[in-house]
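Laboratory data are not the source of any read-out in this text; all were calculated from the coordinates shown. Here the structure is a predicted model, which means the values were calculated and not measured. When we count neighbours, we look across all protein chains shown, and the Cβ atoms used for this are built from the backbone with ideal geometry, even at glycine.
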Amino acid sequence: MPNREIDTRFIQRVDAPMATVSLDGTLVATTPRARVLLTLGPEPPVRVPDDLWTQLEANPPGTAVQWRRPRSSRPGASSELIGCSRYIAEDGYLLLLKELTEQEAARSHMLQRQRLAAIGRLVASIAHDLRNTVSSIVYSADLLGIEGLPADSRAEALGEILDASRRMQVTVDGLLDFARLGPSISVPVSLQDTLTRAQGVLRPSFAPETDHFLSVELAPDAQWVLGNTLVVENVFVNLLLNAVQSSRGRALTVVVRSERLHDRGSWVRVHVEDDGPGVAREDRASIFEPFFTTRTDATGMGLTNAAEAVEGLGGALRLMDSPKGAHFEFDLPAPPTADEGASSGDLR
């Protein structure tokens, strides 16, 4: 067990609350600061406290959980609220711990709520796509069961099943890429279809009684981009949601425009503009920073997520000067037009 002995000596010298544990939660090595946080009685801890370990096991590795130390535990930590994450290591896990203030805990809770809301929107969008695709497959399969169906109709039904199955494969591949569980994908993405889905996900925010409107003005040669459909949709959802929330209940019109960047080859520029209150000049430099927000009911992660998503697609999200409201723009790679394809080769 030489490696474990070396790890133990190393861990014990680290000036941070860290611990290595076995697969059943038994402590293998702890730093002095971690030992203080995990000690609940007069004796040094032998394993991770049961209520903390139960939370860690209920969540995937890498997920941060909050654990409140019992008030009767031995003093020594400046806070009774502890944040903890576990990461897969050889023959067990590495635990990272942090003392939390109540403010940090509240922010963490709000972030968790935002993540759950984002997951809900994503699930709703995927469910809508898959339901339509499966309905098409079922309908075509029912046609194939009709006796005496003409050969051309049979071939058409088979083609529709094949096309629908391929669309379903693209959706699943996009989900795996979005969750970082599969290879990165870059396929043609229709901006019109993506905006339609994004508006559907945010239907309550653009219902007639809200006085919020979305106008889409896509140039004929700038209606498609390359990327992951789910990621592009996530960008639009975050930008549209930011515009709606910034309007604070007032009437709002959001305009999404696109244009071809002929001087850059196969690239499309997308503009998202609104006539809301806009961004104060003193806030412009911080608008994409994590947790920056001017609202008390927000986490300040929406625009950060949108900027990171655009960057992952190969572009950059920018806040532009605007006489009224907010104006965001970003560039994305696009399938070549017929003229570009003739000069630069076919898209592979």
message: With an 8 Å Cα cut-off and a minimum separation of 6 or more residues, compute the relative contact order for the stretch 186-344 in percent.
response: 25
- request: For A334, list long-range residues whose amide hydrogen, built 1.01 Å from N in the peptide plane, is under 5 Å from its own amide hydrogen.
  value: L226, W267, V268
message: Please compute the modelled spin-label separation between E160 and A316, points set 7 Å along Cα→Cβ, answer in nm with one decimal.
response: 4.7
statement: Contact order relative to length for the stretch 216-297, counting C-alpha pairs under 8 Å separated by 6 or more residues, stands in percent at 30
message: Cut-off is 10 Å between beta-carbons; in what order do R284, R257 appear when sorted fewest neighbours first?
response: R284, R257
Backbone HN-Hα couplings from phi across the stretch 238-252 [Karplus 6.51/-1.76/1.60, Hz, Gly and Pro as x]: 5, 5, 5, 5, 4, 5, 5, 5, 6, 6, 6, x, 7, 4, 8
message: Calculate the FRET efficiency for R248 and V216 from the Cβ-Cβ distance with a Förster distance of 25 Å, rounded to the nearest 0.05.
response: 0.55
field: Inter-part distance where the stretch 140-165 and the stretch 247-284 are each reduced to a Cα centre, Å
entry: 44
task: Rounded to the nearest 0.05, what FRET efficiency do D263 and R131 give with R0 = 41 Å and r taken as the Cβ-Cβ distance? Could you check?
output: 0.45
